[in-house]
Amino acid sequence: MSQTDASPDTDVSGQWDQDNQAWWDWYVSLADNEAGPVALESAPPLPDVALPTDAEVMAELATPYPVTDEQIAFFQENGFIKLKQVFSPGAVMRLRAELLRLLQAEFDTNPDEGAVDRFLSMEMVWPDNPLLKAYVTSPRVAQISAQLLGVDAVRLYHDNVLAKQPRCGRTPWHYDEHHFPLDTNDVVTAWAPAQAIPLAMGPLAFAYPLDVHELVNNVTFEKSGTGYDRGVAEVFARNNVAVDETPFEIGEVSFHHNLSFHTAAGNRTDRSRIILANTYYADGARVVDEPTMVSGDWQKFMPGVGPGDVAASHLNPVCWSAREADHE
Ligand SMILES: O=C(O)CCC(=O)C(=O)O
């Protein structure tokens, strides 16, 4: 990501001074979308399963999920992995019901209905919501994250509830290193869909292997327009970079490294693509000396932590630690 010739449109120094929703509204405006009307197709039916109780969800999400050495090697080579059956269908449907309820309360609209095309976002929901806390601080998800990164313990950076409404366009190409003001690359995001995601709904898609980010180091980030997204797509196409763009089954969760380049197509179905993305980082990491406006609302995620400090506020709990697991 080149910033050498900073102009008003490429200079990202300074703080983001609006909220997280404004950040996402801005961010998706940087995506290069085809012009013209979008015809919607019906989303597949949601599974008819009994919803688990809070206690059942908490028990499920505290149980370890076996990760193989091959899966860890795949993640470290490619910067992402998609794991099936991380959540049971019941846990996914319970998550969807709760996220819909929260989104409806926040935006005063059902994200699946009406004239819509927005990318809705809510974050820091977990501190006041015990059910969401079970998903966000899940030892199962955090242990997978720590094992993929090869670290002893991970802390939560923040939760992110994202609803890509019908007709909302692409998520621009990016990597999260650009976003998270952390001085480590031991950072992973667990992207957990709250329904299955067919191709028409815009599954998260990953360029691989991990080091393809080096190919686009010289593409200059632009704060307006679609030049950066197009520039990255052009470099990847010229270099025949492989992209994994595949549907998500119910219960499947993807994990991506902060250097993994990813994107997502627009939502061409009649249902919102609702997901919960939780980011974890190696315990001990610090905040970088100079966070940028692309880091968005980061101080909300780590209250009282300043540039250069160890990133360990009370809102960044250790969600899994090998030391604690050894003592159990
Ligand atoms: O959900 C999306 O379309 C984008 C999410 C994303 O980029 C992320 O969680 O890192």
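If you go through the range 121-131, how many residues are part of a helix (DSSP H, G or I) and surrounded by fewer than 22 Cβ atoms within 10 Å (Cβ to Cβ)?
4
Being farther than 14 Å from ASN258 by Cβ and either touching a strand residue (DSSP E or B) at 6+ places or on another chain (Cβ under 9 Å) or in contact (Cβ under 8 Å) with a residue 60 or more places away in the chain (or both) is true for just one of LEU149, LEU182, LEU199. Which residue is that?
On inspection, the qualifying residue turns out to be LEU199.
Can you find even one residue in the range 148-163 that is of a type in the set (Lys, Arg) and surrounded by fewer than 21 Cβ atoms within 10 Å (Cβ to Cβ)?
No, the range 148-163 has no match at all.
Answer with yes or no whether LYS223 is part of a loop (DSSP other than H, G, I, E, B) and among the basic types (Lys, Arg). Steps first, please.
Numbers: part of a loop (DSSP other than H, G, I, E, B): yes; among the basic types (Lys, Arg): yes.
Answer is yes for this residue.
Find all pairs meeting these conditions: Cβ atoms under 9 angstrom apart; at least six residues apart or on different chains; first residue within the range 226-240 and in contact (Cβ under 8 Å) with a residue 12 or more places away in the chain; second residue among the hydroxyl-bearing types (Ser, Thr, Tyr) and surrounded by 16 or more Cβ atoms within 10 Å (Cβ to Cβ).
Pairs found: TYR228/THR220; ASP229/THR263; GLY231/THR220; VAL232/THR263; ALA233/THR263.
Kindly list the number of the only condition in (1) closer than 24 Å to TRP23 by Cα; (2) out of contact with any Pro (no Cβ under 9 Å at 6 or more places or on another chain) that fails for ALA282.
So the condition that ALA282 fails would be (1).
Return the residue satisfying two criteria in turn: it lies in the range 193-202 and is more than 9 Å from the ligand (Cβ to nearest atom) and in a loop (DSSP other than H, G, I, E, B), and of such residues it is farthest from THR137 (Cα to Cα).
PRO198
Looking only at the range 52-77, which residues are surrounded by 14 or more Cβ atoms within 10 Å (Cβ to Cβ) and hydrophobic (A, V, I, L, M, F, W, C)?
As a first pass, look at the range 52-77 and keep what is surrounded by 14 or more Cβ atoms within 10 Å (Cβ to Cβ): 52, 56-58, 60-61, 65, 67, 71-72, 74-76.
Of everything in the range 52-77, those that are surrounded by 14 or more Cβ atoms within 10 Å (Cβ to Cβ) and hydrophobic (A, V, I, L, M, F, W, C) turn out to be VAL57, MET58, LEU61, VAL67, ILE72, PHE74, PHE75.
Kindly establish whether ARG118 is under 27 Å from ALA91 (Cα atoms), touching a residue at least 24 places away in the same chain (Cβ under 8 Å), of a type in the set (Lys, Arg) and buried (at least 23 other Cβ atoms within 10 Å of the Cβ).
Spelling it out, it is not the case that ARG118 is under 27 Å from ALA91 (Cα atoms), touching a residue at least 24 places away in the same chain (Cβ under 8 Å), of a type in the set (Lys, Arg) and buried (at least 23 other Cβ atoms within 10 Å of the Cβ).
From the list THR189, THR226, THR220, which one is of a type in the set (S, T, N, Q), touching a helix residue (DSSP H, G or I) at 6+ places or on another chain (Cβ under 8 Å) and modelled with pLDDT under 95?
THR220
I'd like to know if the range 156-164 contains one or more residues that are of a type in the set (Phe, Trp, Tyr), within 15 Å of the ligand (Cβ to nearest atom) and outside any strand (DSSP E or B).
no
Quick check on my filter: what residues within the range 272-282 are more than 15 Å from GLU252 (Cβ to Cβ) and either surrounded by fewer than 22 Cβ atoms within 10 Å (Cβ to Cβ) or in contact with a Gly (Cβ under 7 Å, 6 or more places away or on another chain) (or both)?
If the condition is that a residue be more than 15 Å from GLU252 (Cβ to Cβ) and either surrounded by fewer than 22 Cβ atoms within 10 Å (Cβ to Cβ) or in contact with a Gly (Cβ under 7 Å, 6 or more places away or on another chain) (or both), then ALA282 is the only one that fits.
Taking the range 177-192 as the region of interest, how many residues are surrounded by fewer than 22 Cβ atoms within 10 Å (Cβ to Cβ) and either over 20 Å from ASP32 (Cα atoms) or within 9 Å of the ligand (Cβ to nearest atom) (or both)?
Of the range 177-192, the ones surrounded by fewer than 22 Cβ atoms within 10 Å (Cβ to Cβ) are 177-179, 183-186.
If we keep only those that are either over 20 Å from ASP32 (Cα atoms) or within 9 Å of the ligand (Cβ to nearest atom) (or both) as well, we get 177, 179, 183-186.
Here the count works out to 6.
The values are calculated or read from the model by the stated rules, or taken from the named source; none is laboratory data. Every value quoted in this text rests on a predicted model; they were computed, and no experiment measured them. Every residue, glycine as well, gets a Cβ built from its backbone with ideal geometry; the counts of neighbours run over all protein chains shown.
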